[in-house]
Every structure is written in C-alpha cells, then in structure tokens.
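The values are calculated or read from the model by the stated rules, or taken from the named source; none is laboratory data. Fair warning: this is a prediction, and the values are worked out from it, not measured in the lab. Here Cβ is always computed from backbone atoms with ideal geometry, including for glycine, and neighbour counts include all displayed protein chains.
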Amino acid sequence: MKTSENRIETDFLIIGSGIAGLSFALKIADFFKDSNITIITKGEKNESNTKYAQGGIASVWNKTVDSFEQHVQDTLIAGDDLCDENIVRMVIKNAPKRLKELINWGVQFDKENNNYLLGREGGHSQDRILHHKDITGFEIERALIAKVEKQKNIQFLTHHYAIDLITEHQVNKKKTHRKDRITCFGAYVLDEKQKIVKTFSAKVTMLATGGNGQVYNVTTNPIVATGDGIGMAYRAKAEISEVEFIQFHPTALYNPGEYPAFLISEAVRGEGAILRDYYGNKFMHKYDPREELASRDIVARAIDNELKKSGTPHVYLDCTHIPYNRFQKHFPNITEKCLSLGIDIRKDYIPVSPAQHYICGGVNINKKAKTSIKNLYACGEVTRSGLHGANRLASNSLLEGIVFAHNAFKNLTKRYHKIKTPNNIPLWNDSGVVKNMEKVLITHDRNEVKTIMSNYVGIVRSNERLLRAERRLKVLYEDNKRLYDHSELSVDVCELRNLITTAYLITQFSKKRKENRGGFYSADLVNNNH
Ligand code: FAD
Ligand code: SIN
C-alpha cells in the first residue's frame with residue numbers, strides 16, 4: 001500500500017449509496033447548487049440492502065380506510081413500547097410527502113386502474129405498502145442512481161471503502177472521550193482500484209452505510225453489510241444504542257449453501273400464505289391471534305420454537321391456494337426463484353426458515369439526523385432513530401431512510417453556511433506496517449465471528465451463551481488488532497475489524513438488557529417478559 005498524497009476536499013461526503021445516501025445526495029445537490037458532493041460506496045453503485053428490498057414502503061395512502069393513527073399504533077405495537085412516539089408520529093406523517101418525491105424522481109410503484117396497489121405485511125392492520133412487484137428496492141436504486149448521474153455537482157465513486165471517520169483524535173492528536181463535543185472532518189477512504197488511501201476532508205459527513213447482517217451465518221443481507229458505519233462511529237466515540245435488537249426475518253428460503261439467503265417476502269403472507277410445520281400442520285394460531293400476520297419477532301420465534309421441538313431444518317410456506325395469476329403478477333421474482341429450484345408454488349410448499357435481516361439499533365440520531373458528533377449526520381439502517389424500538393414494523397425501513405435524509409437536508413439549509421472548511425487534516429499514515437500476515441487468517445476469523453453470533457447471540461439467547469460469545473469475541477478482537485497492524489490494508493481486514501466490533505457491541509448490549517422485549521429474547525428472562 002502506497003502512502004497517499006491524495007487529499008480531496010469536498011463540501012459533503014456521503015458514505016453509502018442505498019436509499020438513505022442517494023436521497024440525501026439528491027436533495028443537497030438540488031438546493032446547494034454551488035457545492036460539491038461526493039458519494040463513496042464500497043462496491044458497485046447499487047450494491048446495498050436497499051437493492052434487495054422486496055415488500056415495499058409503508059405509507060398511509062388510502063385515507064378512506066387507513067389513517068396515520070393506525071400506522072402509528074401498528075409501529076408502536078411492533079416496537080414493543082420502546083419506540084420514541086414523537087419520532088414515530090413525525091415519520092408516519094411525513095411518509096406520503098417523501099413517497100411522492102420518490103415518485104417524482106422516477107420510482108415506479110405498481111398501479112391498477114391508475115390507483116397504487118397496496119400490499120400488507122406482518123404487524124400492519126391495513127394494506128399500505130407501495131411496491132414495485134417483489135423487487136421494490138431494485139427499482140428504487142435504478143431510479144435514484146439515474147437521477148444522481150444527471151447531477152453535475154455530485155461525484156459518485158465506487159469501490160471506495162471508508163476506513164475511519166476523521167475527528168479531533170487524528171487532527172490534534174487529542175484523546176477524545178465519548179462525552180466530549182467531538183467534530184467530524186471527513187473520512188479516510190481506501191480506493192480499492194488504485195490501492196491508495198485518500199483523505200477526504202468535508203464540511204458535512206453523512207453516514208449511510210446500512211446494516212450488519214454479515215455478522216451472522218444466515219442472513220438476507222448482501223456481502224457489503226458488515227457494520228462498517230457502527231464500527232467507524234464507535235471508534236470515533238459516537239453514541240450507539242439498542243443494537244441488541246436484531247431482527248430475524250421469519251421466511252428466508254431454505255436453500256443451504258446459498259448466501260445471502262433469498263427472501264420470501266412477508267407480503268406473501270400478506271396475500272394469504274400459510275405457515276406449516278415440516279409435517280404439514282398449521283401452527284401460528286398457537287402463538288398469536290394475528291397468526292401469520294403477527295409481527296416479525298413473534299413469527300420468527302414461533303418458527304424457531306417449532307424447529308427446536310421437531311428437530312427439523314425448516315418449516316413450509318403454503319401458497320397453493322393463492323390464485324396463481326395474482327401471485328405471479330405481484331411476486332414474479334419469487335415465482336421464478338422457486339421454479340429454478342423445482343418448486344412450483346401451485347402444488348409445492350416453499351421450505352423456509354428464519355434468517356438475520358435487520359438491526360433495529362445503531363448510531364444515535366435525533367429528529368434532524370444529527371449524531372452526537374458535530375457535522376456528522378447519519379440516516380437509514382445504520383442508525384437508532386427511535387422509530388423501530390425493540391422490533392421494526394415491516395416496510396418501515398426504506399421509509400426511515402428517506403425521512404431522515406430529508407430532515408438532515410432541512411437542518412443543513414439552516415446551518416450549512418456556518419460550517420467552516422476543515423484544515424490541518426493529516427494524511428493517512430501507514431508507516432511502520434509490516435506485511436507478513438496470511439490472508440487466510442482473515443477468512444477464518446470472519447467465519448468464526450459468524451459462527452459465534454449464530455450459535456450464541458441468535459433468536460434465543462441466554463446468560464451462558466452471551467458469556468461464551470463475549471469470551472470468544474475478546475480473543476478475536478485481540479487477534480484482529482495484530483492482524484490490522486501487521487497486514488496490508490485491505491477491505492477484508494477493515495471489514496473484519498467492524499464485524500468484530502459490531503458483534504461485540506450486540507453481545508454487550510444483550511448482556512445489559514434485563515427483560516425480554518421485541519426482538520430480544522433470553523431463555524433466562526422467561527419470567528421477565530415485557
Ligand atoms: P443500504 O441500502 O444497505 O446502503 C448502505 C450503503 O453503504 C451501500 O451502498 C454499501 O455499499 C455502503 N457502505 C457500507 N459500508 C461502507 C464503507 N465502509 N465504505 C463505503 N461504503 C459503504 N425494508 C423495507 O422498508 N421494505 C422492504 O421491503 C425491505 N425488504 C428487504 C429485503 C431484504 C432482502 C433486505 C436485506 C432488507 C430489506 N429491507 C426492507 C430493509 C431495507 O432494505 C434496508 O434497511 C434499507 O434499504 C437500508 O437502507 P440504507 O440506505 O440505510 O442502507
Ligand atoms: C419483506 O419483503 O418481507 C421485507 C420487508 C421488510 O424488511 O421491511
């Protein structure tokens with residue numbers, strides 16, 4: 001790795017190109033026409049959790065049957081009393097406006113007779129999910145990227161990996177503490193193709209790095225979801241919370257060896273699909289009166305319980321009674337995927353089991369998307385905004401991304417002119433690095449993190465399991481420190497550092513939680529359910 005002379009000054013540095021990062025970029029580019037905006041992303045332009053979103057975006061659309069109040073109540077119930085109600089009300093009230101903006105930017109949601117088709121998912125009391133077939137996220141990425149590419153003041157850099165945020169810690173060599181008023185001045189970024197570390201100084205940095213599903217063996221999240229944002233924010237001493245609330249999606253396609261796990265959208269249950277155990281019996285009535293449409297935490301735990309009781313590897317989703325034309329029209333991608341595996345949904349049940357899907361907590365932000373670090377904003381899955389509480393309501397995540405991107409933008413229209421261009425930012429320094437570590441050690445450690453988290457910090461946890469995870473992660477943490485210092489800087493080694501940090505934080509926060517609530521469940525707290 002060459003020590004870089006590459007210093008880049010930008011007004012806005014946006015890390016991540018999912019719905020959160022791209023929608024923020026578009027707003028900023030349009031308003032601050034004379035500013036320069038840089039989006040960096042670690043993979044291809046559209047590679048993100050957003051790209052894989054299936055079900056759609058929740059918003060009250062048909063006010064004759066639905067209301068903001070019903071959407072608010074559904075969100076609060078799913079969040080198991082841990083949501084910030086003011087935030088929930090703000091997000092839900094703003095949803096229709098933000099969706100109209102997406103539509104104006106070119107996102108095409110499905111319509112029939114000129115009316116938007118509204119789907120339903122677990123935990124929703126009304127049909128209110130706008131969607132584009134079963135590839136809503138792919139459509140959103142397509143439209144937003146096309147729009148971003150037309151903006152002259154946006155520079156969009158792929159295969160640029162953010163390593164660390166720049167704060168006083170690097171600039172003044174000052175030791176910073178979590179309680180200090182810390183300022184962000186940009187980020188150090190690895191340009192993978194040129195193999196140099198660029199120093200991006202920015203007036204405003206937006207962290208929109210998404211989730212961390214890769215800490216688990218079975219996840220619906222793509223390979224880029226390695227918790228980098230949480231890792232970077234944690235090292236920069238930002239406040240982080242509620243990361244113990246990991247959401248497991250009840251119905252990922254059971255297809256061992258396929259990574260990431262292919263999702264069978266909850267909207268399929270919204271269309272009437274029924275869960276059956278390995279032997280064909282219905283079981284959801286034993287767990288919740290809403291049966292298949294209970295919130296995700298409840299359905300995932302019910303399936304987990306059925307699997308543990310029977311010792312079978314999966315349950316089934318029965319769609320055989322749903323009119324095929326209707327199913328195929330709404331879910332062409334799922335139909336095709338099933339057919340490719342010889343599953344004909346007209347007569348075959350789909351084998352499914354739970355998979356890690358979403359992290360409800362993250363970097364703390366306020367209503368304006370400000371983190372505890374000055375000039376560092378964050379939005380989307382990387383954050384803890386107060387919207388989701390202990391369990392996210394289906395299809396509220398894409399919504400969260402666009403609402404907080406908008407709020408960050410609004411806040412910056414008032415304060416951007418006061419932000420000074422940072423100076424004195426030191427270039428990245430990798431002198432003293434000895435490059436003698438075998439790469440295979442990174443792979444081994446990455447697999448170990450996944451196994452530890454899947455075995456000990458999964459759907460059902462316990463004190464003993466958490467202790468085991470903690471002990472093993474501490475060893476990995478120490479090993480990784482040596483690996484990081486002694487091997488050539490690469491995305492793999494940086495990702496491993498973030499995976500370990502995120503896994504460790506999830507475990508620590510889990511140890512501190514003393515009641516079962518939403519997506520958090522410990523076998524030792526059965527008498528202490530919220
Ligand atoms: P992402 O879309 O994940 O984008 C993060 C970006 O940051 C990526 O571009 C990534 O490459 C980049 N990045 C990460 N680290 C770095 C780094 N160090 N340097 C540079 N770039 C970096 N939610 C819904 O509301 N409705 C749905 O129907 C739905 N379906 C889903 C289906 C699947 C299979 C999955 C996985 C998720 C689904 N979700 C859904 C959740 C939702 O898609 C995500 O929570 C949401 O898209 C997150 O958006 P984001 O912009 O915050 O992050
Ligand atoms: C799905 O389509 O089931 C995923 C929806 C979500 O994660 O919100």
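When we screen Leu376, Leu387, Leu427, Leu398 for residues that are away from ligand 1 (no atom under 16 Å from the Cβ) and surrounded by 13 or more Cβ atoms within 10 Å (Cβ to Cβ), the only hit is Leu427. The condition (being crowded, with 22+ Cβ neighbours inside 10 Å and polar (S, T, N, Q)) is satisfied by just one residue among Ser353, Ser310: Ser353.
Contact map, region 513-525: residues that are under 11 Å from Gly361 (Cβ atoms) paired with residues that are of a type in the set (Val, Ile, Thr) and modelled with pLDDT of 95 or more, Cβ distance under 9 Å, separation 6+ or inter-chain. Pairs shown: Gly519/Ile246; Gly519/Ile459; Phe520/Ile246.
The helices (runs of 4 or more DSSP H) found wholly in region 1-93 and carrying at least 3 residues that are buried (at least 20 other Cβ atoms within 10 Å of the Cβ) and within 16 Å of ligand 2 (Cβ to nearest atom) occupy 49-52, 68-78. Of Ile343, Ile334, all but one fail to be hydrophobic (A, V, I, L, M, F, W, C), over 30 Å from Cys83 (Cα atoms) and either surrounded by fewer than 24 Cβ atoms within 10 Å (Cβ to Cβ) or modelled with pLDDT under 95 (or both); the exception is Ile343. Filtering region 236-266 down to residues that are polar (S, T, N, Q) and outside any strand (DSSP E or B), which residue is farthest from ligand 2 (Cβ to nearest atom)? So, considering only residues that are polar (S, T, N, Q) and outside any strand (DSSP E or B), the one farthest from ligand 2 (Cβ to nearest atom) is Asn255.
Of the residues making up region 270-301, those that are over 22 Å from the mean Cα position of the chain (by Cα) and either of a type outside the set (Asp, Glu) or assigned to a loop (DSSP other than H, G, I, E, B) (or both) number 22. For region 106-140, filtering for residues that are assigned to a helix (DSSP H, G or I) and within 10 Å of ligand 2 (Cβ to nearest atom) leaves 2. Of all the listed residues (Ile163, Ile223, Ile230), the sole one being in a strand (DSSP E or B), more than 16 Å from ligand 2 (Cβ to nearest atom), of a type in the set (A, V, I, L, M) and at pLDDT 95 or above is Ile163. Hey, does region 170-192 have a residue that's assigned to a loop (DSSP other than H, G, I, E, B), buried (at least 24 other Cβ atoms within 10 Å of the Cβ) and near ligand 1 (Cβ under 10 Å from one of its atoms)? No: region 170-192 contains no residue that is assigned to a loop (DSSP other than H, G, I, E, B), buried (at least 24 other Cβ atoms within 10 Å of the Cβ) and near ligand 1 (Cβ under 10 Å from one of its atoms). Sub-7 Å Cβ pairs linking a first residue in region 71-83 that is without any contact (Cβ under 8 Å) to a residue 60 or more places away in the chain and on the phi < 0 side of the Ramachandran plot to a second residue that is of a type in the set (Gly, Ala, Ser) and crowded, with 22+ Cβ neighbours inside 10 Å, at least 6 apart or interchain, are His71/Ala58, ordered by first then second residue. The condition (being within 27 Å of the chain's Cα centre (by Cα) and within 20 Å of Thr501 (Cβ to Cβ)) is satisfied by just one residue among Asn463, Asn407, Asn455, Asn411: Asn455. Taken over region 24-44, the criterion of being in contact with an Asp or Glu (Cβ under 8 Å, 6 or more places away or on another chain) and within 11 Å of ligand 1 (Cβ to nearest atom) is satisfied by Thr41, Lys42.
Take the residues of region 118-160 that are near ligand 1 (Cβ under 10 Å from one of its atoms) and of a type in the set (S, T, N, Q): which is surrounded by the most Cβ atoms within 10 Å (Cβ to Cβ)? So, considering only residues that are near ligand 1 (Cβ under 10 Å from one of its atoms) and of a type in the set (S, T, N, Q), the one surrounded by the most Cβ atoms within 10 Å (Cβ to Cβ) is Thr136. Under the condition of being basic (Lys, Arg) and within 10 Å of ligand 2 (Cβ to nearest atom), the residues counted in region 382-405 number 1.
From the list Glu239, Glu292, Glu244, the lone residue that is among the acidic types (Asp, Glu), buried (at least 21 other Cβ atoms within 10 Å of the Cβ), within 20 Å of Ala390 (Cβ to Cβ) and in contact (Cβ under 8 Å) with a residue 24 or more places away in the chain is Glu244. Note on region 336-369: among residues that are without any contact (Cβ under 8 Å) to a residue 24 or more places away in the chain and part of a loop (DSSP other than H, G, I, E, B), the one that is nearest to Ser395 (Cα to Cα) is Asn366. Residues in region 116-161 that are aromatic (Phe, Trp, Tyr) and within 19 Å of the chain's Cα centre (by Cα) were compared, and the one that is farthest from Lys63 (Cα to Cα) is Tyr161.
The rows are residues; the columns are (1) closer than 30 Å to Lys308 by Cβ; (2) part of a loop (DSSP other than H, G, I, E, B); (3) among the hydrophobic types (A, V, I, L, M, F, W, C).
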residue	(1), (2), (3)
Glu400	no, no, no
Asn407	no, no, no
Lys410	no, no, no
Asn423	no, yes, no
Pro426	no, yes, no
Asn429	no, yes, no
Met437	no, yes, yes
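Taking Arg98, is it out of contact with any Phe, Trp or Tyr (no Cβ under 9 Å at 6 or more places or on another chain) and either within 13 Å of ligand 1 (Cβ to nearest atom) or assigned to a helix (DSSP H, G or I) (or both)? It is true that Arg98 is out of contact with any Phe, Trp or Tyr (no Cβ under 9 Å at 6 or more places or on another chain) and either within 13 Å of ligand 1 (Cβ to nearest atom) or assigned to a helix (DSSP H, G or I) (or both).
Remark: pairs (first residue in region 487-511, among the acidic types (Asp, Glu); second residue modelled with pLDDT of 95 or more; Cβ separation under 6 Å; 6+ apart in sequence or on different chains) = Glu495/Thr226.
Among the residues of region 154-163, the ones that are closer than 20 Å to Leu26 by Cα and in contact with a Phe, Trp or Tyr (Cβ under 8 Å, 6 or more places away or on another chain) come to 0 in all.
With respect to Gln151, determine if the residue is closer than 22 Å to Gly21 by Cα, in contact (Cβ under 8 Å) with a residue 24 or more places away in the chain and in a loop (DSSP other than H, G, I, E, B). Against the criterion (closer than 22 Å to Gly21 by Cα, in contact (Cβ under 8 Å) with a residue 24 or more places away in the chain and in a loop (DSSP other than H, G, I, E, B)), Gln151 qualifies. If you go through region 442-489 and keep only what is crowded, with 17+ Cβ neighbours inside 10 Å and part of a loop (DSSP other than H, G, I, E, B), you end up with Val457, Gly458, Ile459, Ser487, Leu489.
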